[in-house]
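One structure is given below, encoded as structure tokens.
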Amino acid sequence: MATARGTKFIIVGVGVATVVALSLAAWRSEKRDTPVPAAEAPGAAVALARKTPIRTTLVLSGEFRPFQEIELHAKVAGYIRTISVDVGDRVKEGQVIAVLEVPELVAQVEGAKASLDRAKSTYEAAHSAYVRLKQASEGRPGLIAAQELDDAMARDREAEAQIGVAEANQRQVLALSDYTRITAPFAGVVTKRYADTGAMIPAGTSSSTQSMPVVQLAECDRLRLVLPVPESAVPRVHLGSIVQVKVPALGRAFEGKVARFADALDRQTRTMSTEIDVANTDDRLMPGMYAETTLDLVRKDAALTIPIQAVSRNGDEATVLVVDPQNRVQQKRVTLGLEGTRRIEVLSGLAEKERVVIGSRSQFRVGDVVEPRPVAESDKEREDQL
């Protein structure tokens, strides 16, 4: 009987121990799946994996140049009778800038006119003589010798040709006379004035050592920003791209457009000359001003990104610490894409809205329970760039 009681006691004891063990395991499991109170868990700064615009860019510097800039020379030599512009004056296309005094050219114009009048008179006389001879020959055949009639016709045609020669000479002289009026080939600003009233101006066809310009004219309503694009970025430069041009001297930015490029590399610098056109309707910009612009090379409007501080790299491998729904730290391997100044693209390994740990990773281990503390991001971080 005693033995039976002892056996029953042992069985009951084992049953109680089993129940206690199962209850403890269930309690531990429940505790593991339940977030630890904030007061007991260490804080961890986290940020969401979210879709944002991201781009790779290239910042280049250069200086503005006039869209057009020329030195105006005289086609004919002469003295400046009048000059109506000075440095800083704005001129319209076709506006007279200076008038030259060329006395010998005036005489040539008059001589060309007299030569034309003489040629016309000679032609009228020769033509009338030929017509009379021809009519007489037709009225009385054989009265006028054929040779005489042929000679009259030849004189008539020669006189007619002389009119053409005289007209050509007159046009040439009048064209030279027009060159005494120096006009603006385009609307712009006079940036230099080389001569004053009464100055002798050599003809522009003379050698460069003798030729002297009258003024220098620049078109500044639109400027060119010339940039040296590195060889690595050349394939990604596209005509018509809209860019922002920052001018430090003015403390503001202007909109520009990639208008042209050399389509060839400089062998010494390994760069391609690229020009951006910038409108200057308010005359705030001036040639020679320093400016910089950012060229978009690659852009994605909705890439899955995380802060760069959340990524740990080891060679070609990259990992992040993620806080799961139970506030436990997990490690995930990720594949990276475009990298900006603040955020980096995640191609695989993360889902949108997952929480990644940023800052120091050494204080956390996989399985640790933490208190997530979201880090607020500024508006500037909404669109990242290189």
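Simple rule: put +1 on each Lys or Arg Cβ and -1 on each Asp or Glu Cβ in the chain, find the dipole, and look at Leu72, Cys220, Ala161; the Cα lying farthest toward the positive end is Cys220. For Glu101, the residues 5 or more places off, or on other chains, whose built amide H falls under 5 Å of its own are Tyr79, Ile80, Arg81.
Evaluate E = 1/(1 + (r/R0)^6) for Ser312 and Lys353, where r is the Cβ-Cβ distance and R0 equals 25 Å; express this FRET efficiency to the nearest 0.05. FRET efficiency, Ser312 to Lys353: 0.75. Taking the helices alone, the chain has a mean residue ellipticity at 222 nm of -9500 deg cm²/dmol, built from -39,500 (n - 2.57) per DSSP H run of at least 4 residues and averaged over all its residues.
Using C-alpha pairs below 8 Å separated by at least 6 residues, the relative contact order for segment 103-179 is 52 percent. Summing Cβ point charges (Lys, Arg +1; Asp, Glu -1) relative to the Cα centre of segment 233-386 gives a dipole of roughly 440 debye. Between Gly315, Thr274, Thr294, the Cα set farthest toward the positive side of the dipole of segment 272-344 (charges on each charged residue's Cβ, about the Cα centre) is that of Gly315. If R0 equals 30 Å, the separation of the Cβ atoms of Arg270 and Val87 corresponds to a calculated FRET efficiency of about 0.15. Each of Val245, Leu174, Ala129 was placed along the dipole of the chain (beta-carbon charges, centred on the mean Cα), and the one lying farthest toward the positive end is Val245. Stokes-Einstein, applied to the Kirkwood radius of segment 217-355 over Cα pairs at a viscosity of 1.002 mPa s and 20 °C, places its translational diffusion at 116 µm² s⁻¹. In this calculation the C-beta distance from Met212 to Ala154 is compared with R0 = 51 Å, giving a FRET efficiency of 0.50.
If the viscosity is 0.890 mPa s and the temperature 25 °C, what Stokes-Einstein diffusion coefficient in µm²/s follows for segment 103-179 when Rh is the Kirkwood radius over Cα pairs?
Rounded to a whole number, D works out at 175 µm²/s.
Computed log10 I(q)/I(0) for the chain at 0.06, 0.07, 0.11 Å⁻¹: -0.59, -0.68, -0.98, from the Debye equation with unit scatterers placed on every C-alpha and solvent omitted. Over segment 128-241, the Kirkwood radius and the radius of gyration, each from Cα atoms, give a ratio Rg/Rh of 1.42. Summarising the amide proton neighbourhood of Val46: residues at separation of 5 or more, or on other chains, whose placed amide H is nearer than 5 Å comprise Ile358, Arg373, Val375.
Subtracting the Cα-Cα distance of Ile70 and Thr183 from their residue separation scaled by 0.36 nm leaves 39.4 nm. Extension gain for Ser241-Arg373 works out to 43.4 nm (0.36 nm per residue, less the C-alpha to C-alpha distance).
Laboratory data are not the source of any read-out in this text; all were calculated from the coordinates shown. Keep in mind the model is a prediction, meaning the values are calculated, not measured. Note: ideal-geometry Cβ built from the backbone for every residue, glycine included; neighbour counts use all protein chains shown.
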